[in-house]
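> Here's a structure for you.
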Amino acid sequence: MILPQIPNLEIKHITKEILLVHQIKTPYYFSCCDGLIVLPKNGRSKLAIALDLNIEPNLIDEINYHYGPFSNYVCTHGHMDHMAHVHHWEDLGAIIHAPIPENTYLLNLKNFYLGFGFNEKLDFSLITKFAENNKYHPCKAVRPFIPGAKLTFENFTIETISFKGHSKAHVGFLLPSEKILHISCLGFDQPKPRIDGFGPWYGFNECSIDQYLKDIDSAESIFLEDAQYLTSSHAYIVKHPDSSPFSYMRNKIEKNQSIVDHAILTLKKTNNYKIEINDFLQMDLFFPKKKLKGFIAEMYSYWESIIIYKHIERSKYLKNY
């Protein structure tokens, strides 16, 4: 099959009837994510299915023109880069599915604000600006599913897999018939081999580094035992038995631990008082906050403070922090 040339999109075959789609340039920090298209096939499904393909509405229209109509859309979790544009798939007639409890975040921005604990530190007006810049619009209706459930569309089955280290509802997909494992935002975010991304993201109170490491182990086992292809929300396609994505994610977590440990030792040498979280934040350990302005600087400070806390909890150098 000859793939269409659509400006600002990369479309690749994973298998003959499953495509990976990537939006090249995005309008803001957390606007879009890569996702899959399950093409129609006799005896399987009459219409196409979209899996976590959160791209801008004009590009959704292009995809729908070439491959639609779409019967169903499945979201992996309620982070902004996975839900901002899902409403447009609904406008085109797809039934929207999302995991409990983050299915409600697609319906109402206040649920997103409260559900991820932004209300503990940030005013709702900041989240409103964040949503506007990422072009978020709510959906009208979302069908909830329990993380870990099997979803069947006609004769096509998707196994959802709970990877709750990233968020309490976050899931990956196993497509058994196609031997594809999609790990969503587990933390494999290399756009190309040997080009690094940030790695695993655990900037909310509900996240857990220990759970993240268990999820990585679980994903690696599923990939090596049951899949031939590995995809994610922000990376290239990996073929069995290459397990380097899992080593990459583990190494990123350990590198982050080393960064925080080094910061602890540095602050112990220079501070004669109790070390505070602001001491760490002023060091810009993970994000260039000094270059950011306004509400986005506040949001990155919020995320970074939680990431630092989680590594402090694991550090041998500051057990009584």
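> Which whole-number percent gives the relative contact order of the chain, counting Cα pairs below 8 Å spaced six or more residues apart?
12
> Say R0 is 51 Å: what FRET efficiency, to the nearest 0.05, do ASN271 and SER221 get from their beta-carbon distance?
0.70
> So, in Å, what gap is there between the alpha-carbon centers of region 203-227 and region 242-283?
21
> Separate question: Accessible area of the chain with a 1.4 Å probe: how many percent of it is carbon plus sulfur?
51
> Name all residues of region 10-43 having a backbone nitrogen under 15 Å from the label point set 7 Å from the Cα of LYS239 along its Cα→Cβ direction, giving them as ranges.
Only 13-16 pass the distance filter.
> Just how much of GLU10 is accessible, in Å², when a 1.4 Å probe is used and the result is rounded to the nearest 10?
Using a 1.4 Å probe on the heavy atoms, I get roughly 80 Å².
> Over the alpha carbons of region 215-321, what is the largest minus smallest coordinate on each principal axis, giving the biggest first in Å?
Largest to smallest, the principal-axis extents are 54, 35, 15 Å.
> Here's something else I'd like to know. When only C-alpha pairs under 8 Å and at least 6 residues apart count, what is the relative contact order of region 181-227, in percent? Please report the intermediate quantities before stating the final value.
Values: 26 pairs, mean separation 17.1, N = 47.
This gives 36 percent for region 181-227.
> Give me the accessible area per residue for the chain, probe 1.4 Å, as a whole number in Å².
Per residue, the chain has an accessible area of 44 Å².
> Tell me which lysines have Cα within less than 22 Å of LYS129's Cα, excluding those fewer than 8 residues away on the same chain?
Counting by Cα, and skipping residues close in sequence, LYS129 has these lysines nearby: LYS25, LYS110, LYS121, LYS140, LYS289, LYS290, LYS291, LYS293.
> Multiply the residue separation of LEU213 and ALA141 by 0.36 nm, subtract the distance between their alpha-carbon atoms, and state the gained length in nm to one decimal.
22.5 nm
> Just flag the GluC sites (Glu not before Pro) in region 109-171 sitting in loop per DSSP whose Cβ has no more than 15 other Cβ atoms within 10 Å.
Those that pass, being in a loop and sparsely packed, are GLU154.
> A further question on this structure: Between region 285-305 and region 1-59, how far is it from one alpha carbon centroid to the other, in angstrom?
31
> Determine the gain in length on full extension of the stretch GLU313-LEU39; use 0.36 nm per residue of separation and subtract their C-alpha separation, reporting nm with one decimal.
94.1 nm
> Additional query: Using only helices, what value at 222 nm comes out for the chain when you add -39,500 (n - 2.57) per DSSP H run of length 4 or more and divide by the total residues, to the nearest 500 deg cm²/dmol?
Helix-only estimate at 222 nm: -10500 deg cm²/dmol.
> Distance from a point 7 Å along Cα→Cβ of LYS179 to each backbone N in region 216-234: keep the residues under 20 Å and list them by number.
219-232
The values are calculated or read from the model by the stated rules, or taken from the named source; none is laboratory data. Worth saying up front: this structure is predicted, and the values here are computed from it rather than measured. FYI the Cβ positions are ideal-geometry reconstructions off the backbone, even for glycines, and counts take in every protein chain you see. Side chains are part of the model used for accessible areas, which takes the heavy atoms of the whole protein and leaves out ligands, DNA and RNA. Shrake-Rupley method; radii C 1.70, N 1.55, O 1.52, S 1.80 Å.
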